[in-house]
Amino acid sequence: MILLLAIITFFIYKRYSSPTLDAKPKTIAVIPFVNLSADQGDEYFAEGVCNEILTQLARIGSLHVISRTSMLQFKDSKKTMKEIGAIIGADVLLEGSVQKSGNKVHISVQLVNAKDDRQLWAETYDKEFKDIFSIQSDVATSIASQLRTNLTSSEKARIEKKPTTNMEAYNLYLKGSFEIRKVTPEGLEAGLDMMNKAIKLDPDFALPYIGIAYYYGLATDFFMAPNVAMPQLKIAALTALAKDSTLADAYAWYSNYELWYAWNWEQGKILSIKAIELEPNKYQGHFFLSWYYSSQGNFEEAIKESARMVEVEPMNPEEGSFHALMYYYARQYDEALKQLDKLSSFDPNYPFAHFVRGQCYIQQGKFEEAIDEQKKAHEIFAAPWSHGRLAYAYARAGKKQQAIAILDSLKVQSSSLYVASDVVASVYVALGDKDHAFEYLDKALSERAGWMIWLKVDPIWDPIRKDARFLAVLKQMGLDE
């Protein structure tokens, strides 16, 4: 009778106890929080709180956390939790709302089982702005508890750590991050200004230095010469690490400097791995580690890391495009195009996807299709390098006049805007002008142009690959066999 009673009690407990998930590991996604503030200008705050909670969750190694970019499509979505969970491949979803009024904040959050729409946990916080850090850490630790996730002592310490005691500086940091993520010239400049103001208020606040590194990482892609932007990126990343040695983003951006600019290959690899160890649920470490492996010609590991990056950011076209790029460098063009086709369902107009698709088409001899794709990419990017890639497509298609016209315009532009010399060199390679190709390749070497990282593996250099001058460039970069 006692045994029977114990069995019945056990099943009653299992049936009616607070619902949790038993499956491991658990995948969690955070839906962009709703801004309920009267001032719509406080959108930065709702987004910032959401992102900071996501960052805290990403520090829990036993969770699989889907990154913010993949979830942006569900902002203000009418889809059910079950539908979103099925699309994104999440076990649980966190949704919430934020209301800011002066120094008061009202934050409501709920954790939902994506399989059956059951609420697992919910909480409402009515506190002052100065309590925002305790709210964010409480949400993360409560979720870990509900999901029966092992939270290590070091993870708990990092989650509970307050990044600053100056709340005005923290507010500026949230605003600056919001502006930089717009990736517009105006947004980048406004964001940089806010990061610097935050640092003036609290020189020991590490996170604004990450924002500054992010700014320079983006700037060198669009309008700033590497020898101007990248040293500033390094300073920002190292300063952030000096303030807080547990910041995964600081290691990731430092690895970006070592790989993209300094060509310290092994150091870049070590820093990327460190970023992954600290926050395995963030894509940046996997992103840059895939760069390292591909630059060395180790495509099996490069594809493995970029695939992990896509697991973390399944709906992010940037990460999906770079995953396809790894296949391109491995000369698996059909597989690269297959990966790009997956992106079209949620962002058919992403410019970098058009760029990678165009590069694949060129190697397959589909020149007209390649020109169309590079045109689409350049229409959106409107950057010198994208214009140069269009010139390369024209040259490969035998349309020399169009290619030379773009080259001439890039040379004029170079007096006021940075034009990467390796891009110009690639056009001369396609035109069959080796001497001019090496003239600009030497310039790219002294510039430390970013895309030189893939000089060893990019098919566009095949026509000059066996030239002694090309082998000398590889040797100077430490990419020779």
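Nothing in this text is a laboratory measurement; each read-out follows from the coordinates by a stated rule. Since this is a predicted model, take the numbers as computed values, not measurements. Note: ideal-geometry Cβ built from the backbone for every residue, glycine included; neighbour counts use all protein chains shown.
Taking residue 304 as the anchor, which aspartates and glutamates have their alpha carbon closer than 17 Å to its alpha carbon, excluding any fewer than eight residues away along the same chain? Qualifying aspartates and glutamates at Cα under 17 Å: 277, 313, 318, 319, 335.
Note on the stretch 123-176: Cα-Cα pairs beyond 19 Å make up 36% of the total pair count. Packing order of peptides 188-198, 217-227, 44-54, highest average first: 44-54, 188-198, 217-227 (average count of other Cβ atoms within 10 Å over each peptide's residues).
Set against the 2.2 N^0.38 Å expectation for a compact globular protein, the chain has a Cα radius of gyration ratio of 1.07. Shown in residue order for the stretch 167-179 are the 3J(HN,Hα) couplings computed by the Karplus curve 6.51 cos²θ - 1.76 cosθ + 1.60 at θ = phi - 60°: 6, 5, 5, 5, 5, 5, 4, 4, 5, x, 4, 4, 5 Hz (x for Gly and Pro). Placing +1 on the Cβ of every Lys and Arg and -1 on the Cβ of every Asp and Glu, with no other charges, gives the chain a dipole of roughly 600 debye about its Cα centre. Computed from the Cβ-Cβ distance with R0 of 30 Å, the FRET efficiency linking residue 472 to residue 451 stands at 0.95. Summarising the amide proton neighbourhood of residue 120: residues at separation of 5 or more, or on other chains, whose placed amide H is nearer than 5 Å comprise 111, 112, 113. 3J(HN,Hα) couplings calculated from phi for the stretch 339-354 with the Karplus curve 6.51 cos²θ - 1.76 cosθ + 1.60 (θ = phi - 60°) are, in sequence order, 5, 5, 4, 5, 6, 5, 6, 10, 7, x, 10, 5, x, 5, 5, 4 Hz; Gly and Pro show x.
Take the convex hull of the alpha carbons in the stretch 167-241; its mean projected area over all directions comes to 4.3 nm².
According to the Kirkwood relation over distinct C-alpha pairs, the hydrodynamic radius of the stretch 206-365 is 16.0 Å.
Using C-alpha pairs under 8 Å with a sequence gap of at least 6, the mean separation divided by the residue count of the chain gives a relative contact order of 10 percent.
Straight-line reach from residue 115: taking Cα to Cα under 18 Å and skipping same-chain neighbours fewer than 8 places apart, the aspartates and glutamates in range are 22, 83, 91, 95. Size check on the stretch 383-481: the Cα extents along the three principal axes, sorted descending, read 37, 30, 19 Å. Each Lys and Arg Cβ is given +1 and each Asp and Glu Cβ -1; about its Cα centre, the stretch 18-162 then shows a dipole of about 400 debye. Mean residue ellipticity at 222 nm, helices only, the chain: -19500 deg cm²/dmol; runs of at least 4 DSSP H residues each add -39,500 (n - 2.57), and the sum is divided by the number of residues. Separation of the stretch 142-186 and the stretch 343-390, taken as the distance between their Cα centroids, equals 36 angstrom. For the stretch 18-162, the gyration tensor built on C-alpha atoms gives an oblate shape. Its axis ratio a/c (a ≥ b ≥ c) is at least 1.5, and a/b is not larger than b/c.
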